[in-house]
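> Following this message is one structure expressed as structure tokens.
The values are calculated or read from the model by the stated rules, or taken from the named source; none is laboratory data. In this text, all values refer to a predicted model and were calculated from it rather than measured experimentally. For neighbour counting, all protein chains shown are included, and Cβ atoms are generated from backbone atoms with ideal geometry for every residue, glycine included. All accessible areas refer to the heavy atoms of the entire protein, side chains included, with ligands and DNA or RNA removed. Shrake-Rupley method; radii C 1.70, N 1.55, O 1.52, S 1.80 Å.
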Amino acid sequence: MNLPALHRSFVKYFLVLLFISTAIVVSAQSLRVEPMHWWVGMKNPSLQLMVHAADVGETVPFVNYPGVTIKKIHKADSKNYLFIDLIVAKNTKPGRFPIQFKRNGKAVYTYDYELMQRKPNASQLKGFTAADVIYLITPDRFANGDASNDVVSTMRETTIDRKNDYGRHGGDIRGIINSLDYIAGMGFTAIWPTPLLENDMKQSSYHGYAITDYYKVDPRFGTMEEYKELADKCRQKGLKLVFDGVVNHSGSQYWWMKDLPFKNWINYPDSLRITNHRRTVNQDIYAAESDKELMVRGWFVETMPDLNQSNPFLAEFLIQNSIWWVETLGLGGIRQDTYPYSQKKFLEQWTCRIVNEYPQFSIVGEEWSTNPLIAAYWQKGKANNTGYNGCMKSTMDFPLQQALWQSLTEPEEWDKGIVKLYEALANDFVYTNPKDLLVFGDNHDMNRILTFLNNDVDLLQMAMTYILTIRGIPQVYYGTEALLENSAKPGDHGLIRTDFPGGWQGDKANAFTGVGLSADQQRIQAYLKKLLNWRKDKKVIHDGSTLHFAPSNGIYVYFRYSKQEKVMVVMNKNTKEVQLSTGRFSEILKGHGQAVNVMTGEQVSLHDKVTLPARSATVWEIR
Ligand code: CA
């Protein structure tokens, strides 16, 4: 390097220094305290505040408010953080008070903290149950209710392109709010929008799973006020709102990545390692420690740093953040992403702390395993050899999802076809409560159910009838009713998350109004609407018992029953109409002579034979 070059590099170095010091001065004016506010009257009186500001770690916080005491102050590895343990005594009144951060007796920062009054019966929030049917929505792809937020110039991804499967399409919270009458009218009773929090990533920010601020709504989806409005309107229309939580990882553009509170806030901070995705290590009694370590601590993908929940401050941050959203929105449940990738001890704490505050609340974790032993492992009350004992009621029935499409598409043989569905349900003995499993045909991460079923609309109708009548909590992906499919690119996430017809101005087809829909689309939409609305008050479907008979000749018969009611469902895979003798089902049909077809209202006699249309699932209420 010659001298002038050295000089230039010095100038550059100086400019960089100048830039850094300017940055510190600017950030010195910004003080971040999270949770930004809290509530009086929580069951747990402890509250830990994470404070971030330049050199705040060198200050001492002071609080003067009746009922509120500082129990302990913790410094972090970075001097720009402080963690404060507060106790909010039982009868503390709601109100505001300053938290002063003093150095040499002088307040360097002041934060106006608020302890809010809880809504009446806030601790009695009811989570989703088998009485609900959850409509899963990818917000960017559902409905664009506000074109003014399509592009936000301050975000890293500023383009919008509906032709790009992995670009942003403009759907938002306003679009969901505008569609609530449609959703409720269809007969759904809960919505699960995939994450709506800020994803300020350079690309693929539409899906929401690379969160860059756990306390901020992504401005392209809308505002915090709009999220609250969505929650209020859901409540008014009898819809539960399910929050999609992501505690395993955040986005690499998270604001704290530039200044981590602790070196071990994330796993592998210096040398990126990707998880092995070997989810069985959580249960495997022979698993190597190194495999277990990499599974839980490795990053999900390169743009999603793995959060280290064994850091107690991070664990507390995430637990309080979840409670903050439950309380703020009056949620009807949480769906937790990538459940087995987080640390087990943390998952126990996270689930049990939430359920302790909200005893009737529901959480469902994503454990993507087609092995029921592994799905069952995470359910509340399951006796596990590894000692995991969490408070999560629901896991996702991936085993049944796979069995469903395979059973309908495979040719009938001794060990193939509909028998797979029968045998999959026979595994229910491993679950502590099969009625709390989430049952679904597809979701946002796999082929559309119609694609799994080779675009066969009759098979789709059979699959959806099964999902809506079998035990468990049904979940339906948006657009199933409008026959959305991704057969052009199987497995392609962008295409799986196709725009809902009618969600954008100028769409030729509109599934909200029915305009421009094909005959098949109209038929399936009307079918689902009728079945969903029938299911709403059918206690026997929500929590009745189940009885099924071994399939034969491509026909599978099951009953849902209680002391008061009986429902018979018959799946006929044959390509022609079949006469089914009812004698074989006498152990449950004894004393009943009539049945009413739920869809057609037609009465049939059960004394001899019933007629099954070709490739159909028929639902009869037994009289
Ligand atoms: Ca928009």
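> Pull up all non-local amide H partners of residue 476: gap of 5 or more, or a different chain, and H-to-H distance under 5 Å with H placed in the peptide plane.
Amide H neighbours of residue 476: 134, 135, 136.
> Test of understanding: what is the full-extension gain from residue 565 to residue 602, defined as 0.36 nm times their sequence separation minus their Cα-Cα distance?
Difference between extended and current length: 11.5 nm.
> How big is the convex hull of the Cα atoms of region 130-236, per residue, in Å³?
In region 130-236, the Cα hull volume divided by residue count equals 107 Å³.
> While we're looking at this one, here's another question. Taking the chain as the reference, fit the longest principal axis to its C-alpha atoms, fit the long axis of helix 312-329 to the helix C-alpha atoms, and give the angle between the two in degrees, 0 to 90, nearest 10.
That works out to roughly 60 degrees.
> Counting only protein heavy atoms and using a 1.4 Å probe, what share of the accessible area of region 182-248 belongs to carbon plus sulfur, as a whole percent?
Values: 890 of 1750 Å².
Heavy-atom surface of region 182-248 belonging to carbon and sulfur, 1.4 Å probe: 51 percent.
> Full extension from residue 371 to residue 159: what is 0.36 nm times the residue separation minus their Cα-Cα distance, to one decimal in nm?
72.2 nm
> Another question, if that's okay. Please work out, to two decimal places, the log10 of the ratio I(q)/I(0) at q = 0.13, 0.22 Å⁻¹ from a Debye calculation in which every Cα of region 285-408 carries one identical scatterer.
-0.58, -1.43
> OK, next. Run the quick spin-label model on residue 268 and residue 489: label points 7 Å from Cα toward the beta carbon, then report their separation in nm to one decimal.
2.7
> While we're looking at this one, here's another question. Filter the cross-link list 435/538; 106/263; 75/263; 163/529 down to pairs whose alpha-carbon distance in this structure exceeds 23 Å.
Distance filter (> 23 Å) returns 106/263; 163/529.
> Relative contact order of region 389-442: what whole-number percent is it, with Cα pairs under 8 angstrom and at least 6 residues apart?
It comes to 49 percent, rounded to a whole number.
> Treat region 478-553 as a sphere of radius equal to its Kirkwood radius over Cα pairs and apply Stokes-Einstein at 20 °C in a medium of 1.002 mPa s; give the translational diffusion coefficient in µm²/s, rounded to a whole number. Intermediate results must be reported in sequence, preceding the final value.
Numbers: Rh = 15.1 Å.
Answer from the Stokes-Einstein relation: 142 µm²/s.
> Just to confirm the number: angle between the C-alpha axis of helix 224-236 and the first principal axis of the chain, 0 to 90 degrees, nearest 10?
Compared with the principal axis, the helix lies near 30 degrees.
> Rounded, prolate or oblate: pick one for region 46-194, where a ≥ b ≥ c are the square roots of the eigenvalues of its C-alpha gyration tensor, a/c under 1.5 means rounded, and failing that, prolate if a/b is larger than b/c, else oblate.
Verdict is oblate for region 46-194.
> In terms of the Cα gyration tensor, with a ≥ b ≥ c the square roots of its eigenvalues, is the chain rounded because a/c is under 1.5, prolate because a/b exceeds b/c, or oblate?
Since a/c reaches 1.5 and a/b is larger than b/c, the shape of the chain is classed as prolate.
> Let me ask something else about it. Give me the percent of the accessible area of region 510-555 that comes from carbon and sulfur atoms, probe 1.4 Å, all protein chains in place.
For region 510-555, the apolar C and S fraction of the accessible surface comes to 51 percent.
> Straight-line reach from residue 71: which aspartates and glutamates fall under 12 Å, measuring Cα to Cα and dropping same-chain residues less than 8 apart?
The qualifying aspartates and glutamates are 85.
> I've got another one for you. From largest to smallest, what semi-axes in whole angstrom does region 561-623 give when each is the square root of 5 times an eigenvalue of its alpha carbon gyration tensor?
For region 561-623, the ellipsoid semi-axes come out as 19, 13, 10 Å.
> Could I ask something else about it? Given an 8 Å cut-off on Cα distances and at least 6 residues of separation, report the relative contact order of region 199-346 as a percent.
The normalised contact order for region 199-346 reaches 31 percent.
> I would also like to ask the following. Let me have the relative contact order for the chain, percent, based on Cα pairs under 8 Å that are six or more residues apart.
11
> Could you derive backbone 3J(HN,Hα) for region 556-561 from the dihedral phi with the Karplus parameters 6.51, -1.76 and 1.60 (θ = phi - 60°), listing whole Hz in sequence and x where the residue is Gly or Pro?
After applying 6.51 cos²θ - 1.76 cosθ + 1.60, I find 10, 10, 9, 10, 10, 8 Hz.
> Residue by residue through region 530-540, what is 3J(HN,Hα) from phi via Karplus (6.51 cos²θ - 1.76 cosθ + 1.60, θ = phi - 60°)? Round to whole Hz and write x for glycine and proline.
5, 5, 5, 5, 5, 5, 3, 9, 8, 4, 5
> Still on this structure, I have one more. Counting only protein heavy atoms and a 1.4 Å probe, tell me what percentage of region 73-119's accessible area is made up of carbon and sulfur. If you can, show how the numbers build up before the last one.
On the way: 1330 of 2740 Å².
Solvent-exposed carbon and sulfur of region 73-119 make up 49 percent of the total.
> In sequence order, what are the phi-derived ³J(HN,Hα) couplings for region 448-458 according to the Karplus relation 6.51 cos²θ - 1.76 cosθ + 1.60 with θ = phi - 60°, rounded to whole Hz, with x for glycine and proline?
Along region 448-458, the couplings run 4, 4, 5, 5, 4, 9, 6, 6, 9, 5, 5 Hz.
> Let me ask something else about it. Could you provide, to the nearest whole Å², the per residue accessible area of region 172-331 with probe 1.4 Å?
On the way: 5420 Å² over 160 residues.
Here the residues of region 172-331 average 34 Å² of exposed surface.
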